[in-house]
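**Q** Below you will find the structure I want to go over with you.
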Amino acid sequence: MKYVDEFRDRDLAATLAKAIRKEADPARHYYLMEFCGGHTHAIFRYGVQDLMPDNVTFVHGPGCPVCVLPVRRLDDAVELAERHGVILCTYGDMMRVPGTKQRSLIRAKADGADVRMVYSTADALKIARNNPDREVVFFAIGFETTTPPTAVAILQAEAEGLTNFSVFCNHVLTPAAIGHVLGSPDPRDLEKVRIDGFLGPSHVSAVIGSRPYEAGAELYRKPVVIAGFEPLDVMQSVLMLIRQINEGRNEVENQYTRVVTREGNKKAQDLVASVLELRREFEWRGLGTVPDSGLKIRDRYAAFDAEKRFEVSEKVSREVKSCECPAILRGAKKPTDCKLFGTVCTPESPMGSCMVSSEGACAAYWSYGRFRTPAKAEEAVA
Amino acid sequence: MNKMDETVSFRTGSVDMTHGGGGRAMAELIRDLFHRHLANPILDQGHDAALFDVPAGRLVLSTDGHVISPLFFPGGDIGSLAVHGTVNDVAMAGARPLYLTAGFILEEGFPLADLERIVMSMACAANEAGVPIVTGDTKVVEKGKGDGVFITTTGLGVVPDGVHIATEKARPGQAILLSGSVGDHGVAILSSRENLEFETEIHSDSAALHTLVADMVRDVPGISVLRDPTRGGLAATLNEIARAARVGMLLDEAAIPVKPDVAAACELLGLDPLYVANEGKLICLCEAADAEHLLAVMRRHPHGADAALIGEVVEDGNALVRMRTGFGGQRVVDWLAGEQLPRIC
């Protein structure tokens, strides 16, 4: 397939693998956090790890939109569907994430709640149009990539006078999370999380640009390379990161220049800013409460804010005990460090969100690597 | 038929509860629709049960329910699919399909014009396959209790002497052959789903494979395994075989045919074509020494023109399906968990 195969070329991969091995100093180890689940997925799907020298380790980051949503917010969504009788529209992955006591949206649906899987906010608007006598709530999750469509949906609902449509807004911000991982490490993780540099988000950066990472790179003295989601993008970015580390630079470099600019998509940014505003803080699964890391709907559009339209009860939300999703999302543990991994927790019966989403680290480990014994890089390239 | 006799209006009418009530309306529907289009000597006997002689040998019986949405899609509809699906299930035992039965569950309010279109499509598929539908049943459920129409088909077939196909016969060293490109059906269905419509030239590969199978077992009676990779795609079917026979598989990604349009659609939606459904493809395991000959036989048949050798059966106590990626690495090709979903980020 044109414009895709070029980024999955085997010979170029071998050349890059050689260059990485040449650049990597055998006297040290490189810990590189790929922030996005999309990168984790690409690394496993294409066998990128096989092409890396032994002293390059990928640390999987919290960039999986389904994974980082705290159980409390999921429980609220279940309640919206069950108690308030709304039509709850959600992206597919979210349906299977277990909430408190394993209650998921898919279970709620089986018990009669009206939960519908949508592919886009446009679908949710359509459902609202077709069901004027029902309340329709869009369960908005995701990073900056999915935020503009949510803003557009609200503006469109207002323009059309769709009074039965609202949004349960759970959008979160990437740079705040990266800053939190570096700046406020969980005391339990000291000595455990080691990060020498970041593979920065691809699609998120298409919207926000590369500039928002600059302050963090300088403050925490960690290099960032904005990396595309194709396997050659990942490999080239690894090479760029290792070079920066070797040269003691802490810059934001952009490997994904075919899509990302320093300023990003100004139009999308303005659109989001006109409809959504910063929350003082927002809870993340794994990271805890992170200041200035989430978005809420501006008062001007309160009529479309499900949190203002429906009252959800106070509740005690709990994750499955001994599920290591939180530590995995912080980069402190690997999926295989979790007792539940592959025993009681599998994609068929997930105990935590990281096993549900295709962007989750546990799902990637399980689906692409379960019992693998890593092939020697040399063999894989040969 | 005299125009005056035609009491069922296929142009404007819709299914109502009387069509399943056992009275005149039901009799008319059966006569004017099902018998008219599906006519064959056994069905025309008009009994509740079909009566026929069976040949000597091993018989195969298979049944399959069809509950798809949308009912009509590029390259087929639920009617042709219900015929092809069951013909193929019978054929995957190496058998020659003889007869089909069809059970319809109709939802009140379903347009009779659509029903007629579906039945005509079934008739056409059955005629083409040379496998008559010899008996059937119709029930009507209240509006909201069905999804337009559900069709269950059952097929009966006979296995030629000397052919013994069984999943457990997969052995390390055997070759894995695939009859053509994967993912066509699933992508065609997705492209016509209400909330995902996109313009594409992709048609479902829905087809009856029994004549291809007949050619294959005639030339290489020693074929060990035949399967059609429908739901869950190539990945699910290979995992089923691996688990049943306690063997591993090693695939070569570059050898697996995927049409460029299908690859592009999957890329856009974040799907993996290995997990996307097919309705006109088969996987065959045979001794490595037979592989080249069998491939040539398959490629001579229209439904096997793009047949390819995609990998080999290997020893593996964990029954894993692995794949050498086109990129130069290796990965496990696991079962699909739940449904394949477009990615969010």
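**Q** Over the C-alpha atoms of the range B:167-332, what are the Rg and the largest Cα-to-Cα span, Dmax, in Å?
**A** Rg then Dmax for the range B:167-332, in Å: 15.5, 48.
**Q** Can you give me the orientation-averaged projected area of the convex hull built on the Cα atoms of the range A:20-83, in nm²? Spell out each step's value before the answer.
**A** Numbers: hull surface 22.7 nm².
Spelled out: convex hull of the Cα atoms, projected over all directions, averaged, 5.7 nm².
**Q** Shifting gears a bit: Nearest 20 debye, what's the magnitude of the dipole of the protein assembly as shown about its Cα centre given +1 on Lys and Arg Cβ and -1 on Asp and Glu Cβ?
**A** I would put it at about 1720 debye.
**Q** Below 8 Å between Cα atoms, with a sequence gap of 6+, how large is the relative contact order for the range A:34-96 in percent?
**A** Working: 31 pairs, mean separation 20.2, N = 63.
Relative CO of the range A:34-96 lands at 32 percent.
**Q** Still on this model: Project the alpha carbons of the range B:127-224 onto their principal axes and report the range along each, largest first, in whole Å.
**A** 50, 37, 27
**Q** Moving on. I want to verify the translational diffusion coefficient of the range B:64-131 in µm²/s; compute it with Stokes-Einstein, Rh as the Kirkwood radius over Cα pairs, at 25 °C and 0.890 mPa s.
**A** 194
**Q** State the volume of the convex hull built on the alpha-carbon positions of the range A:240-379, expressed per residue in Å³ and rounded to an integer.
**A** 210
**Q** Normalise the Cα radius of gyration of the range A:178-309 by 2.2 N^0.38 Å (N = residues in it) and let me know the number.
**A** The value comes to 1.20.
**Q** Sort A:Arg28, A:Arg298 by Cβ crowding within 10 Å, fewest neighbours at the top.
**A** A:Arg28, A:Arg298
**Q** On average, how much area does the Cα convex hull of the protein assembly as shown cover when viewed from any direction, in nm²?
**A** Result: a mean projected hull area of 33.8 nm².
**Q** Over 17 Å, how big is the tail of the calculated P(r) for the range B:239-345, in percent of all Cα pairs?
**A** Values: 3551 of 5671 pairs.
Summing the P(r) of the range B:239-345 above 17 Å gives 63 percent of all pairs.
**Q** Let me ask another. Based on C-alpha coordinates, I'd like the Rg and Dmax of the range A:81-170, in Å.
**A** Cα only, the range A:81-170: 12.8, 40 Å (Rg, Dmax).
**Q** Rounded to whole Å and ordered largest first, report the semi-axes of the equivalent ellipsoid of the range A:69-131 derived from its Cα gyration tensor (root of 5λ).
**A** Computed over the range A:69-131, the values are 19, 13, 10 Å.
**Q** What number, in percent, do you get for the relative contact order of the range B:116-271 if the mean sequence gap of Cα pairs under 8 Å and at least 6 apart is divided by its residue count?
**A** Contact order relative to length: 31 percent.
**Q** Same structure again: Can you tell me the equivalent ellipsoid semi-axes for the range B:3-159? Use √(5λ) from the Cα gyration tensor, largest first, whole Å.
**A** 27, 18, 13
**Q** First select every other residue whose beta carbon is under 15 angstrom from the beta carbon of B:Pro221; then total the charges, Lys and Arg +1, Asp and Glu -1.
**A** Its environment carries a net charge of -1.
**Q** Further question: Using r as the Cβ-Cβ distance of B:Asp147 and B:Leu61, and R0 as 25 Å, what FRET efficiency do you calculate, to the nearest 0.05? Write down the numbers at each step before the final one.
**A** Values: r = 27 Å, r/R0 = 1.07.
In this case the efficiency is close to 0.40.
**Q** Here is a further query. How big is the range A:272-352 along each principal axis, measuring the range of its Cα positions in Å and listing the largest first?
**A** So the three principal-axis extents are 48, 25, 22 Å.
**Q** What percentage of all Cα-Cα pairs in chain A are separated by more than 35 Å?
**A** 26
**Q** Related question: Counting residues in chain B as N, plug N into 2.2 N^0.38 Å and put the Cα Rg over that result. Please list the in-between numbers first.
**A** Numbers: Rg = 21.4 Å, N = 345, 2.2 N^0.38 = 20.3 Å.
The reported ratio for this selection is 1.05.
**Q** I would also like to ask the following. When 1/r is averaged over all different Cα pairs and the result inverted, which Kirkwood radius in Å belongs to the range A:148-248?
**A** For the range A:148-248, inverting the mean 1/r across all distinct Cα pairs yields 16.2 Å.
**Q** Now a separate question. Quick check: convex hull of the Cα atoms in the range A:262-303, volume per residue, rounded to a whole Å³?
**A** Value for the range A:262-303: 97 Å³ per residue.
**Q** Further, regarding this structure: Which values, in whole Å and largest first, are the semi-axes of the equivalent ellipsoid of the range B:194-272 obtained as the square root of 5 times each eigenvalue of the Cα gyration tensor?
**A** For the range B:194-272, the ellipsoid semi-axes come out as 28, 18, 12 Å.
**Q** Take the Cα radius of gyration of the range B:255-311 and divide it by 2.2 N^0.38 Å, with N its residue count; two decimals is plenty.
**A** Ratio of Rg to 2.2 N^0.38 Å for the range B:255-311: 1.30.
**Q** Additional query: Hey, got the Cα dimensions of the range A:102-152 along the principal axes, in Å, largest first?
**A** 33, 30, 15
**Q** Something else: What share of Cα pairs, in percent, lie more than 16 angstrom apart in the range A:128-190?
**A** 58
**Q** Straight-line reach from A:Lys321: which lysines fall under 24 Å, measuring Cα to Cα and dropping same-chain residues less than 8 apart?
**A** Cα-Cα hits under 24 Å: A:Lys101, A:Lys192, A:Lys333, A:Lys334, A:Lys339.
Throughout, read-outs are computed from the coordinates displayed, never taken from laboratory work. All values reported here derive from a predicted model rather than from experimental measurement. Please note: Cβ atoms are built from the backbone with ideal geometry, for glycine as well, and neighbour counts cover all protein chains shown.
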